[in-house]
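Peer 1: Okay, here's the structure, questions in a sec.
The values are calculated or read from the model by the stated rules, or taken from the named source; none is laboratory data. In this text, all values refer to a predicted model and were calculated from it rather than measured experimentally. Here Cβ is always computed from backbone atoms with ideal geometry, including for glycine, and neighbour counts include all displayed protein chains. The accessibility values were calculated without ligands, DNA or RNA, using every heavy atom of the protein model including side chains. Shrake-Rupley method; radii C 1.70, N 1.55, O 1.52, S 1.80 Å.
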2 protein chains.
Amino acid sequence: MAINDVQLQQDLNIVPFVSVDHMMKIVGKLGIENMLKGIADYVEEDFKRWELFDKTPRVAAHSHDGVIELMPTSDGEHYGFKYVNGHPKNMKEGLQTVTAFGVLSKVYTGYPILLSEMTILTALRTAATSVVAAKQLARKDSRCMALIGNGAQSEFQALAFKTMLGIDQLRLYDIDPAATAKFISNMQGYNFDIVACQSAREAAQSADIITTVTADKLNATILTDDMVADGVHINAIGGDCPGKTELEKALVLRAKLFVEYPPQTRIEGELQQLDDDYPVNELWQVIRGELAGRTNDSEITLFDSVGFATEDFSALRYIHDQIDRPGMGDMYENLDMIADPDDPRDLFGMVRRSGAMAKVAA
Amino acid sequence: MAINDVQLQQDLNIVPFVSVDHMMKIVGKLGIENMLKGIADYVEEDFKRWELFDKTPRVAAHSHDGVIELMPTSDGEHYGFKYVNGHPKNMKEGLQTVTAFGVLSKVYTGYPILLSEMTILTALRTAATSVVAAKQLARKDSRCMALIGNGAQSEFQALAFKTMLGIDQLRLYDIDPAATAKFISNMQGYNFDIVACQSAREAAQSADIITTVTADKLNATILTDDMVADGVHINAIGGDCPGKTELEKALVLRAKLFVEYPPQTRIEGELQQLDDDYPVNELWQVIRGELAGRTNDSEITLFDSVGFATEDFSALRYIHDQIDRPGMGDMYENLDMIADPDDPRDLFGMVRRSGAMAKVAA
């Protein structure tokens with residue numbers, strides 16, 4: 001999975017750009033299941049290299065209407081960051097709640113080597129990461145997943161769990177039945193056994209895994225303690241910024257907690273409901289086999305997911321490696337993004353010689 | 001100078017992109033002097049609105065070979081950030097020491113409205129900011145500037161000072177005579193009276209303004225206290241990251257100090273040589289007339305410039321407004337950067353309906 005920069009080293013001023021349209025073409029070419037698997041492999045690989053990463057909580061600019069965040073990280077060889085917004089009010093105006101793009105660079109030169117849309121890619125990496133965690137934390141005999149919240153992320157979750165964990169029974173609930181109908185329509189042909197439920201409580205009944213992925217920007221109680229049976233794995237996706245949670249505190253206290261990067265989850269996850277020093281388990285240690293995941297069939301495991309910069313880094317690395325393969329030449333375009341004068345000290349001369357400044361010098 | 005979003009509101013998924021080539025065309029169309037003046041106006045305007053800005057020191061990822069930084073800020077209405085690297089060793093390998101690009105977004109939606117190259121733009125805004133400070137801090141009768149360091153930033157500094165302050169005599173020095181020769185060649189036709197000097201000391205002699213803009217990533221002593229006469233304004237550009245300074249400590253102590261954003265300058269500027277609570281003057285207060293700049297013709301003023309996120313924000317705002325003017329349609333291209341499904345909750349359906357997933361669903 002090493003990054004191959006042969007092509008990129010030839011034209012350092014050029015940055016390959018994967019547009020939304022390109023990303024859809026990549027999905028078509030590789031197949032969405034293969035992409036989810038591929039990204040999950042990269043996410044897992046990077047969790048295993050956890051100490052190498054420069055880790056920092058995301059840099060957030062909060063406003064009344066939402067948040068704009070930068071999520072940088074580096075493994076020492078490459079550097080990546082994602083720009084992502086979260087605007088729950090956008091949906092009512094026909095806009096995406098979350099949009100994103102990202103950049104991958106070489107640490108040695110500081111030059112970018114990939115610019116990519118990340119709205120679709122974030123949906124893929126979030127679902128892939130959920131499965132990376134569930135592989136460690138869900139009961140091995142899990143077949144049925146409750147999906148509470150049937151918005152933009154829900155189908156990606158369903159397909160990722162089906163592809164990698166064999167989940168083929170879904171119990172759906174959304175406060176808006178139109179969202180559930182959209183989900184069912186989109187999933188035709190994927191061979192799920194689907195039950196549309198009238199409440200979150202009904203959806204949670206008999207589920208082996210409960211995925212909460214709602215979008216309101218407030219402390220909500222989507223799932224209460226009494227809705228959850230012993231042995232369930234909870235995949236909590238929607239509680240991902242300060243003041244936004246989905247689970248009842250008693251449920252969080254009852255579960256065995258697993259997180260990505262504790263300093264960020266304590267601010268943004270379900271964990272924000274608990275004391276600052278409440279003990280948690282770090283997913284990377286479980287993946288490396290240094291810490292136990294699920295230890296019996298009756299405990300409740302909770303992946304309190306907020307999305308971490310390394311997962312975006314993994315996804316960017318994956319896309320970079322894919323477009324660098326033979327036959328992928330029409331899956332990106334080249335952007336003239338980096339000024340590259342023949343003499344690096346002669347930026348002005350480059351501009352002047354471009355003919356641009358004829359009027360000025362005359 | 002209000003941002004006009006009429007055109008952009010029609011296609012929210014599209015982000016205008018100003019490439020390196022576009023930026024050179026914009027320079028040609030508008031004229032470099034007009035751009036320097038225009039950007040200086042925006043920089044000054046934003047310094048006057050200082051309290052409105054969300055201010056944070058840059059987010060830096062340091063490595064053995066250099067640094068990659070993100071510089072975000074927001075005035076509540078717009079959000080901007082710059083990606084910039086600093087790799088002094090790059091020059092020996094034929095690469096730029098500093099390359100950059102940036103993004104401007106709307107806070108209300110979180111959607112980007114401009115992606116721009118910022119290698120050239122940073123050179124312009126840095127020179128513009130130097131003049132914004134020097135307007136307040138240099139003696140009114142200044143005619144002669146020493147330029148110590150004749151690399152990529154030097155010509156932009158010279159032109160900005162000529163255009164806005166009437167500086168038409170230059171005294172040049174660089175450890176590499178080839179850099180000075182390049183400068184002289186580039187400045188032909190701009191009617192400067194130029195003296196190439198054999199040392200920094202010689203260059204500093206009889207200068208009204210001394211601009212230091214060298215690139216070594218280490219604590220250097222480009223300018224010592226005894227080289228600087230009373231009444232000089234020092235425009236110190238090159239000391240701009242931890243461990244990188246240009247001035248002798250005694251000289252910094254002798255001067256009246258002006259800075260952009262103290263928490264950042266204390267880490268990155270000449271100020272890193274002094275105590276953490278050493279008193280400084282903030283440039284924005286001087287521009288607003290709330291604090292004195294130069295008060296007599298004998299004091300030494302020092303603008304300890306490190307470059308701050310608001311200056312990039314001002315430059316991005318300026319470019320956004322320019323490309324939105326009639327006749328500027330070929331000064332950018334449109335990037336399909338933001339996923340924009342008809343139903344914002346139906347990201348998966350957008351991907352599926354693109355035909356991309358035919359193979360998968362079959």
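Peer 1: Could you list the residues of the range A:241-281 with an amide nitrogen less than 15 Å from a label point located 7 Å from the Cα of A:Asn296 in the Cα-to-C-beta direction?
Peer 2: A:255-256
Peer 1: Who wins for biggest fluctuation among B:Thr126, B:Thr295, B:Thr99 in a Gaussian network model of chain B, springs between alpha carbons below 10 Å?
Peer 2: Ranking B:Thr126, B:Thr295, B:Thr99 by mean-square fluctuation puts B:Thr295 first.
Peer 1: Still on this structure: List the GluC sites (Glu not before Pro) within the range B:256-295 that fall in a DSSP loop (any state other than H, G, I, E or B) and whose Cβ has at most 15 other Cβ atoms within 10 Å. Numbers along the way, then the final one.
Peer 2: On the way: sites: B:Glu260, B:Glu268, B:Glu270, B:Glu282, B:Glu290; in loops: B:Glu260, B:Glu290.
Answer by residue number: B:Glu290.
Peer 1: Going down the list B:Lys89/B:Lys182; B:Lys29/B:Lys55; A:Lys29/A:Lys92; A:Lys89/A:Lys249; B:Lys82/B:Lys244, which pairs span over 29 Å between their C-alpha atoms?
Peer 2: B:Lys29/B:Lys55; A:Lys29/A:Lys92
Peer 1: Also: Sort shortest first the distances from B:Asp343 to its counterpart in every other copy, using label points 7 Å along the Cα-to-beta-carbon line, and give them in nm.
Peer 2: 6.2
Peer 1: Between B:Lys37 and B:Tyr278, what length comes free when the chain is fully extended (0.36 nm per residue of separation minus the Cα-Cα distance, one decimal in nm)?
Peer 2: 83.5 nm
Peer 1: A follow-up question, please. Per residue of the range A:88-103, in order, report the coupling 6.51 cos²θ - 1.76 cosθ + 1.60 (Karplus, θ = phi - 60°) as ³J(HN,Hα) in whole Hz, putting x for Gly and Pro.
Peer 2: Rounded to whole hertz, the list is x, 6, 4, 4, 5, 9, x, 10, 6, 4, 10, 10, 7, 9, x, 9.
Peer 1: State, in square angstrom and to the nearest 100, the accessible area buried between chains B and A, both chains counted, probe radius 1.4 Å. Mind dumping the intermediate values first?
Peer 2: On the way: alone 16080 and 16100 Å², together 24680 Å².
Answer for the B-A pair: about 7500 Å² buried.
Peer 1: Picking from B:Leu104, B:Leu121, B:Leu253, which is most flexible by a Gaussian network model of chain B using Cα springs under 10 Å?
Peer 2: Looking only at B:Leu104, B:Leu121, B:Leu253, the biggest GNM fluctuation is shown by B:Leu253.
Peer 1: Counting other C-beta atoms within 10 Å, and keeping those with at most 14, which DSSP coil trypsin sites (Lys or Arg not before Pro) do you find in the range B:240-329? Intermediate results must be reported in sequence, preceding the final value.
Peer 2: Working: sites: B:Lys244, B:Lys249, B:Arg254, B:Lys256, B:Arg266, B:Arg288, B:Arg294, B:Arg317; in loops: B:Arg288, B:Arg294.
Of the trypsin sites (Lys or Arg not before Pro), the ones in loops of the range B:240-329 whose Cβ has at most 14 other Cβ atoms within 10 Å are B:Arg288.
Peer 1: May I ask you to derive the relative contact order of chain A, considering only C-alpha pairs under 8 Å and at least 6 residues apart, and to give it as an integer percent?
Peer 2: Rounded, it is 21 percent for chain A.
Peer 1: Provide an ascending nm list, one decimal, of label-point separations from A:Ser206 to the equivalent residue in each further copy; define each label point as 7 Å from Cα along Cα→Cβ.
Peer 2: Nearest first, the other copies' label points are 9.6 nm away.
Peer 1: Turning to a different aspect of this structure: When chain B is modelled as a GNM with alpha-carbon springs shorter than 10 Å, which of B:Asn191, B:Asn13, B:Asn85 fluctuates the most?
Peer 2: Its mean-square fluctuation being the largest, the pick is B:Asn191.
Peer 1: Using the alpha-carbon atoms, what tilt in degrees (0 to 90, nearest 10) does helix B:119-137 show relative to the longest principal axis of chain B?
Peer 2: Once rounded, the angle reads 40 degrees.
Peer 1: Could you give the angle, 0 to 90 degrees to the nearest 10, between helix A:32-48's Cα long axis and the longest principal axis of the Cα atoms of chain A?
Peer 2: 90
Peer 1: Out of residues 5 or more away from B:Ala196 or on other chains, whose amide H comes under 5 Å of its own, with H placed 1.01 Å from N in the peptide plane?
Peer 2: B:Leu172
Peer 1: Cα atoms only, chain B: Rg and Dmax in Å?
Peer 2: When restricted to the Cα atoms of chain B, Rg and Dmax are 21.8, 82 Å.
Peer 1: Treating each Cα of the range B:85-197 as an identical point scatterer and ignoring solvent, apply the Debye formula and state log10 I(q)/I(0) at q = 0.17, 0.22 Å⁻¹.
Peer 2: Result of the Debye calculation: -0.91, -1.23.
Peer 1: Shifting gears a bit: What's the local net charge at B:Phe348, with K and R +1, D and E -1, over the other residues with C-beta under 11 Å away?
Peer 2: +1
Peer 1: How large is ³J(HN,Hα) for each residue in the range B:16-25, as worked out from phi by the Karplus curve 6.51 cos²θ - 1.76 cosθ + 1.60 (θ = phi - 60°), to whole Hz, x for Gly and Pro?
Peer 2: x, 10, 9, 7, 4, 5, 4, 4, 5, 5
Peer 1: Hey, what number do you get for chain A at 222 nm if only DSSP H runs of n ≥ 4 count, each worth -39500 (n - 2.57), divided across all residues, to the nearest 500?
Peer 2: The helix contribution divided over chain A gives -9500 deg cm²/dmol.
Peer 1: Mind putting together the pair-distance distribution for the range B:214-255? All Cα pairs, 10 Å bins, whole percent per bin, short to long.
Peer 2: 30, 56, 14
Peer 1: Run the quick spin-label model on A:Glu93 and A:Gln285: label points 7 Å from Cα toward the beta carbon, then report their separation in nm to one decimal.
Peer 2: So the two model labels end up 4.3 nm from each other.
Peer 1: While we're looking at this one, here's another question. Give me the mean projected area, in nm² to one decimal, of the convex hull enclosing the Cα positions of the range A:139-307.
Peer 2: 9.1
Peer 1: Measure off 7 Å from each Cα along the Cα-to-Cβ vector at A:Thr224 and B:Ile184, then give the distance between these two points in nanometres to one decimal.
Peer 2: Those two pseudo-labels are separated by 8.5 nm.
Peer 1: Measuring label to label, 7 Å along Cα→Cβ, what does B:Ser185 give against each other copy in nm, shortest first?
Peer 2: 6.4
Peer 1: Counting only C-alpha contacts under 8 Å and six or more residues apart, can you give the relative contact order of the range A:210-263 as a whole percent?
Peer 2: Numbers: 64 pairs, mean separation 23.3, N = 54.
After rounding, I find 43 percent.
Peer 1: Evaluate the relative contact order of the range A:139-307 (contact order divided by residue number), counting alpha-carbon pairs under 8 angstrom at least 6 apart; express in whole percent.
Peer 2: 22
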